[in-house]
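Peer 1: Quick one: the structure is below, and I'll ask about it shortly.
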Amino acid sequence: MTDHNHDDSGLIAIAKQTRLAAMKLAVLSSAAKNEAIEAIASTLESAQNEIIQANIADCEAATTEGIAKPLYKRLQLNEHKLRDNIAGVRDIGKLSDPVGSVQIHRKLDTGLILKRVTCPLGVLGVIFEARPEAAIQIASLAIKSGNGVILKGGKEAIRSCEAIVKAIKQGLSQTAIHPDTVQLLTTRAETLELLKLDKYVDLIIPRGSNDFVQFVQQNTLIPVLGHADGICHLYVDKAADIDKAVNIAVDAKTHYPAACNAIETLLVHQEIASTFLPQVAEALQKLNVELRGDTATQSILPNVIPATEIDWQTEYSDLILSIKIVDSLQDAITHITEYGSKHTDAIATEDIEAAETFLSLVNAAGVYHNCSTRFADGFRYGFGAEVGISTQQIPPRGPVGLEGLVTYKYKMTGNGHVASSYTGEDAKPFLHKDL
């Protein structure tokens with residue numbers, strides 16, 4: 001639906017249609033869902049040129065409007081990225097169906113059987129900035145998990161999203177799944193309206209800048225799955241292997257600096273700093289990384305920009321790295337606890353005990369030993385793709401794949417059983433036998 005000015009009732013109508021389509025989807029077989037996912041992959045392949053042309057138009061318009069560099073990188077959808085995403089759709093088809101799995105099967109008494117069974121959430125509202133491929137990943141994950149989805153792409157990606165959703169709906173129209181299962185909203189006003197639809201939408205997933213996610217969290221009664229900040233750390237311990245640590249730091253900062261799993265702060269143990277820092281600085285500066293350091297770092301690397309309190313709190317999403325020298329493992333953990341965003345934090349060390357302490361005490365969705373924080377990603381974890389990353393304490397946490405899009409219900413079957421038989425003087429005992 002490319003009608004850009006739905007009135008309020010129009011959006012409610014769309015939400016109702018999506019809910020209706022989702023209810024039908026919820027009871028379909030795995031085979032029917034997988035068939036639809038393959039149909040989506042095929043139509044995306046056929047529409048590849050249209051999608052790439054639409055994205056080029058989006059990128060040109062964004063450049064004219066002076067889009068920020070990190071956002072531009074996220075907006076770009078070249079042939080290579082698109083191919084990877086289509087492969088990702090097919091991978092989702094291969095994953096096991098998250099719906100209908102029996103988590104508890106218990107005989108409460110003869111003829112009284114309890115089951116806990118996974119089921120879809122219903123309708124997802126996904127609001128994302130700049131990343132058009134999010135539409136591909138999320139629509140596929142939604143269908144696999146039996147959910148309808150209302151997508152709201154950022155204005156900078158409007159043409160790309162329209163081309164993508166058009167192809168997805170075309171694919172669905174050849175299958176048992178109604179094209180209304182996937183909807184696209186295109187205006188800013190609709191974002192606010194969507195956030196009010198707690199009667200029709202079961203989960204909101206925002207993907208974008210910190211301010212944007214916080215805005216969503218503060219303006220809806222619908223549960224929100226997401227994270228505002230990605231302030232990730234690498235701590236180089238006194239027992240680190242220098243070469244490993246340099247490679248990890250370079251990858252974690254420069255592989256894709258705009259990503260939320262790139263490091264923003266490097267913490268270095270004082271005993272290793274004078275050896276490690278000149279080497280890592282040289283490697284990073286070759287790749288145009290601007291370094292900012294605390295006083296101790298400045299005495300080893302005189303050409304770094306002095307770091308201020310603000311630097312420890314900043315997600316640069318760019319080729320900038322702040323460096324701090326710490327006295328101990330405990331100091332590193334204290335710094336991360338104070339400034340981290342509970343996304344992903346790593347330690348480089350050959351001391352197993354130090355690693356264990358770090359992994360146990362750092363409170364983040366991902367805690368890594370001797371590897372880059374860039375691995376924090378649903379695709380890399382083998383989830384096929386991700387709907388987003390959650391840094392909240394309660395699950396789902398970290399990269400969220402299909403398991404975050406289902407809930408469960410308790411199904412009980414009896415034969416005229418009543419609760420009063422199990423209370424009072426002649427109370428029957430429960431068997432509580434797992435089947």
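The values are calculated or read from the model by the stated rules, or taken from the named source; none is laboratory data. Treat the numbers as computed from the prediction; the structure is a model and nothing was measured. All Cβ positions, even for glycine, are placed from backbone atoms using ideal geometry, and neighbour counts span all protein chains on display.
Peer 1: Counting just the residues of segment 374-395 that are modelled with pLDDT of 90 or more and within 21 Å of S96 (Cβ to Cβ), which one comes out surrounded by the fewest Cβ atoms within 10 Å (Cβ to Cβ)?
Peer 2: Among them, the one singled out is R380.
Peer 1: Given V213, V201, which one is at pLDDT 95 or above, assigned by TED's automatic domain parsing to the domain that holds N147 and not polar (S, T, N, Q)?
Peer 2: Values: V213 fails: at pLDDT 95 or above.
Only one candidate passes the filter, namely V201.
Peer 1: Here is a follow-up. Can you pull out the residues in segment 143-164 that are buried (at least 24 other Cβ atoms within 10 Å of the Cβ) and more than 24 Å from F215 (Cα to Cα)?
Peer 2: Correct list: I143, K144, S145, G146, N147, S160, A163, I164.
Peer 1: Taking the condition of a type in the set (K, R), assigned by TED's automatic domain parsing to the domain that holds Q76 and assigned to a helix (DSSP H, G or I), does K152 pass? So that I can check it myself, show each step before the final result.
Peer 2: On the way: of a type in the set (K, R): yes; assigned by TED's automatic domain parsing to the domain that holds Q76: yes; assigned to a helix (DSSP H, G or I): no.
So K152 fails the test.
Table: residues versus (1) buried (at least 21 other Cβ atoms within 10 Å of the Cβ); (2) within 20 Å of A365 (Cβ to Cβ); (3) over 26 Å from the mean Cα position of the chain (by Cα).
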residue	(1), (2), (3)
F212	no, yes, no
V236	yes, no, yes
A252	yes, yes, no
A262	yes, yes, no
T265	yes, yes, no
A281	yes, no, yes
Q285	no, no, yes
L301	no, no, yes
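Peer 1: Could you give every pair whose Cβ atoms fall below 7 Å, whose first residue belongs to segment 358-375 and is within 17 Å of I242 (Cα to Cα), and whose second residue is surrounded by fewer than 18 Cβ atoms within 10 Å (Cβ to Cβ) and not aromatic (F, W, Y), counting only separations of at least 6 or pairs across chains?
Peer 2: H369/L359; N370/K244
Peer 1: Residue check, G401 against (1) in contact with a helix residue (DSSP H, G or I) (Cβ under 8 Å, 6 or more places away or on another chain); (2) surrounded by 15 or more Cβ atoms within 10 Å (Cβ to Cβ); (3) on the phi < 0 side of the Ramachandran plot; (4) modelled with pLDDT of 90 or more, all met but one. Which one?
Peer 2: So the condition that G401 fails would be (4).
Peer 1: Given the criteria in a helix (DSSP H, G or I), over 29 Å from Q313 (Cβ atoms) and touching a Ser or Thr at 6+ places or on another chain (Cβ under 9 Å), does A142 qualify?
Peer 2: Numbers: in a helix (DSSP H, G or I): yes; over 29 Å from Q313 (Cβ atoms): yes; touching a Ser or Thr at 6+ places or on another chain (Cβ under 9 Å): yes.
Yes; evaluated as a whole, the condition is true for this residue.
Peer 1: Only residues that are surrounded by 13 or more Cβ atoms within 10 Å (Cβ to Cβ) and among the β-branched types (V, I, T): list them for segment 303-314, please. Please lay out each step first, then the result.
Peer 2: First, the residues of segment 303-314 that are surrounded by 13 or more Cβ atoms within 10 Å (Cβ to Cβ): 304-305, 307, 311-314.
Answer for segment 303-314, where residues must be surrounded by 13 or more Cβ atoms within 10 Å (Cβ to Cβ) and among the β-branched types (V, I, T): V304, I305, T314.
Peer 1: Test each condition in (1) part of a helix (DSSP H, G or I); (2) over 30 Å from the mean Cα position of the chain (by Cα) for E338 and report the one that comes out false.
Peer 2: (2)
Peer 1: Take S29 and decide whether it is under 19 Å from L121 (Cα atoms) and free of Cβ contacts under 8 Å to residues at least 12 places away in the same chain.
Peer 2: Taking the combined requirement at face value, the residue satisfies it.
Peer 1: Any idea which of (1) out of contact with any Gly (no Cβ under 9 Å at 6 or more places or on another chain); (2) in contact (Cβ under 8 Å) with a residue 40 or more places away in the chain; (3) not hydrophobic (A, V, I, L, M, F, W, C) is the one S173 doesn't satisfy?
Peer 2: Only one criterion in (1) out of contact with any Gly (no Cβ under 9 Å at 6 or more places or on another chain); (2) in contact (Cβ under 8 Å) with a residue 40 or more places away in the chain; (3) not hydrophobic (A, V, I, L, M, F, W, C) is unmet by S173, namely (2).
Peer 1: Go through segment 306-327 and give me each residue that's among the acidic types (D, E) and either in the same structural domain as K69 (by TED's automatic domain parsing) or closer than 21 Å to A273 by Cβ (or both).
Peer 2: First, pick out the residues of segment 306-327 that are among the acidic types (D, E): 309, 311, 315, 318, 327.
Selection gives E309, D311, D327.
Peer 1: Looking for something touching a Phe, Trp or Tyr at 6+ places or on another chain (Cβ under 6 Å) and assigned to a helix (DSSP H, G or I) - is there at least one such residue anywhere in segment 317-331? Steps first, please.
Peer 2: Here is the first cut: in segment 317-331, the residues touching a Phe, Trp or Tyr at 6+ places or on another chain (Cβ under 6 Å) are none.
The answer is no; no qualifying residue exists.
Peer 1: State yes or no: is G10 assigned to a loop (DSSP other than H, G, I, E, B), surrounded by fewer than 16 Cβ atoms within 10 Å (Cβ to Cβ) and not charged (D, E, K, R)? Can you show your working first?
Peer 2: Working: assigned to a loop (DSSP other than H, G, I, E, B): no; surrounded by fewer than 16 Cβ atoms within 10 Å (Cβ to Cβ): yes; not charged (D, E, K, R): yes.
For G10, the condition - assigned to a loop (DSSP other than H, G, I, E, B), surrounded by fewer than 16 Cβ atoms within 10 Å (Cβ to Cβ) and not charged (D, E, K, R) - is not met.
Peer 1: Still on this model: Within segment 376-398, how many residues turn out to be touching a residue at least 24 places away in the same chain (Cβ under 8 Å), closer than 18 Å to V213 by Cα and not polar (S, T, N, Q)?
Peer 2: Residues meeting the conditions: 7.
Peer 1: What is the one condition in (1) of a type in the set (A, V, I, L, M); (2) more than 24 Å from K69 (Cβ to Cβ); (3) free of Cβ contacts under 8 Å to residues at least 60 places away in the same chain that L108 does not satisfy?
Peer 2: Condition not satisfied by L108: (3).
Peer 1: Which one of these does H80 not meet: (1) in a strand (DSSP E or B); (2) over 30 Å from K428 (Cα atoms)?
Peer 2: Evaluating H80 over (1) in a strand (DSSP E or B); (2) over 30 Å from K428 (Cα atoms) leaves (1) as the failure.
Peer 1: Here's another thing I want to ask about it. Can you tell me how many residues in segment 267-279 are surrounded by fewer than 19 Cβ atoms within 10 Å (Cβ to Cβ), touching a residue at least 24 places away in the same chain (Cβ under 8 Å) and of a type outside the set (S, T, Y)? Lay out the reasoning, then the answer.
Peer 2: To start, the set of residues in segment 267-279 that are surrounded by fewer than 19 Cβ atoms within 10 Å (Cβ to Cβ) comprises 270-271, 274-275, 278-279.
The next check asks that each one be touching a residue at least 24 places away in the same chain (Cβ under 8 Å); those that pass are 270-271, 274-275, 279.
Subset that is of a type outside the set (S, T, Y): 270-271, 279.
Residues meeting the conditions: 3.
Peer 1: Those residues that are part of a strand (DSSP E or B) and of a type outside the set (S, T, Y), I need them from segment 361-372; list them, please. Can you show your working first?
Peer 2: From segment 361-372, those part of a strand (DSSP E or B) are 366-369; that's our starting set.
Of everything in segment 361-372, those that are part of a strand (DSSP E or B) and of a type outside the set (S, T, Y) turn out to be G366, V367, H369.
Peer 1: When segment 89-135 is examined, which residues are found to be crowded, with 16+ Cβ neighbours inside 10 Å, over 18 Å from L405 (Cβ atoms) and of a type in the set (A, V, I, L, M, F, W, C)?
Peer 2: L108, L112, I113, L114, A130
Peer 1: Only residues that are within 23 Å of K155 (Cα to Cα) and part of a loop (DSSP other than H, G, I, E, B): list them for segment 188-221, please. Outline the logic, then answer.
Peer 2: To start, the set of residues in segment 188-221 that are within 23 Å of K155 (Cα to Cα) comprises 188-197, 201, 203-220.
Within segment 188-221, K196, L197, V201, G208, S209, N219, T220 qualify.
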